[in-house]
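The values are calculated or read from the model by the stated rules, or taken from the named source; none is laboratory data. Owing to the predicted nature of the structure, the values given are computational and were not obtained by experimental measurement. In this analysis, Cβ positions are derived from the backbone assuming ideal geometry, glycine residues included, and neighbour counts consider all displayed protein chains.
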Amino acid sequence: MLSRVADALFWTSRYLERAEHLARVLDVGFHLELDLHGVLAGGREQETAAVIGIAQIGITQFGSAPFAGRPEGAESEDTSLYDWLSFDLNNPGSIMTCIQHARTNARSVRGTIAPAVWRELNKLYWQIRDADFMARARESPHDFFGAVETGCHLFQGLCDTTMTHDEGWQFIQLGKFLERADLTLRLLDVKSRQLQQLTDPVDLPIANLQWAAVLKSCLAYEAYQRLYISRVEPECVIEFLLTHALFPRSVRFCLEEAAKVLTLLEGPTPVGDGKAERLLGRALSDLRFLDLDEILREGLHPFLTRAARMCAQASAAIQEQYALIA
């Protein structure tokens, strides 16, 4: 396969995964603000800070300027924040920018993807750019976030059901799972550091609500409840999202799938030096033999940072090996 085609498919998938994740984080945060309104002093400010932290950590590779607050003409800083993260094409990490980049990449290789895949991506792009829809979305953000999530899910589902599972499909999977693992790690890092402050027993209901929001941001709430039939416990949430072998958004599951795809791409005669496989193998070893109590004693942040760094290095090694362009 030409590296140009592989590059386009890889980044189409990554950009859509990023857009879908940010849409869900914003949607969950929007509803969490409503739940915390009047219950927790400074609840809106805390949630806004968390959303900014999650979004800006995820786009540092693009060199985006930090969110600077309310621009002239905005009704409130919250309004400008949601606009900046949703619609602002000057923000390289906004939902709109990610979907635009995904469409541009997919359009360059339309002959490689199934017509239904292109049709759904193109439909999502024009839907969210429609002036009437954008005006309604500003009044009801939930509808906008839901449309983005649905469109991204349709893209991935149609890739699985209408494309031959050859090298092109494999690069789509590789982009999806590497991006998803990275996003889950970063979400856990930002939220766990924020929620360390809620140690007072009086804050337990609020902490449970916040940790439930973390699960919902990863589409994991129902799966978690089926496994842990009890209230939401921080240690269980962390363990579930890091190490569950069968949940499709856990870090372990994503990295195992990425490693399988790399093995298929390599075939019987490896192309490169195996750096990406080694990095993924080290990260997976840490997750498969995870001692959560020890990690919590030593500090969760260093562990998550190290895992995210290995994911980034593995991604860079893959891009170098297959001549993919960031």
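In this structure, is LEU219 out of contact with any Gly (no Cβ under 6 Å at 6 or more places or on another chain), at positive phi and outside the structural domain of LEU34 (by TED's automatic domain parsing)? So LEU219 passes the test. Of all residues in segment 126-142, none satisfies being closer than 30 Å to LEU262 by Cα, in contact with a helix residue (DSSP H, G or I) (Cβ under 9 Å, 6 or more places away or on another chain) and of a type in the set (A, V, I, L, M).
Here the condition is being in contact (Cβ under 8 Å) with a residue 60 or more places away in the chain and either polar (S, T, N, Q) or over 30 Å from ALA276 (Cβ atoms) (or both); of LYS216, LYS191, LYS176, it holds for LYS216 alone. Exactly one residue out of PHE247, PHE303 is without any contact (Cβ under 8 Å) to a residue 24 or more places away in the chain and surrounded by 15 or more Cβ atoms within 10 Å (Cβ to Cβ): that is PHE303. Would you please name the residue that is modelled with the lowest pLDDT, looking only at residues in segment 208-234 that are hydrophobic (A, V, I, L, M, F, W, C) and surrounded by 19 or more Cβ atoms within 10 Å (Cβ to Cβ)? Top of the filtered list is VAL232. Contact map, segment 98-123: first residue free of Cβ contacts under 8 Å to residues at least 60 places away in the same chain, second residue of a type in the set (Lys, Arg), Cβ cut-off under 7 Å, separation 6 or more or different chains; pairs are TRP118/ARG110; ASN122/ARG103. In the condition set (1) hydrophobic (A, V, I, L, M, F, W, C); (2) surrounded by 14 or more Cβ atoms within 10 Å (Cβ to Cβ); (3) over 30 Å from LEU279 (Cα atoms), VAL261 is compliant with all but (3). The criterion of being assigned to a helix (DSSP H, G or I) and either assigned by TED's automatic domain parsing to the domain that holds PRO248 or under 17 Å from the mean Cα position of the chain (by Cα) (or both) does not hold for ASP132. If I ask for residues that are of a type in the set (Phe, Trp, Tyr) and either crowded, with 20+ Cβ neighbours inside 10 Å or closer than 16 Å to THR97 by Cβ (or both), which ones from segment 1-33 would you list? Within segment 1-33, PHE10, TRP11, TYR15 qualify.
Considering every residue within segment 301-310, establish whether at least one is in a helix (DSSP H, G or I), in contact with a Ser or Thr (Cβ under 8 Å, 6 or more places away or on another chain), on the phi < 0 side of the Ramachandran plot and not hydroxyl-bearing (Ser, Thr, Tyr).
Yes.
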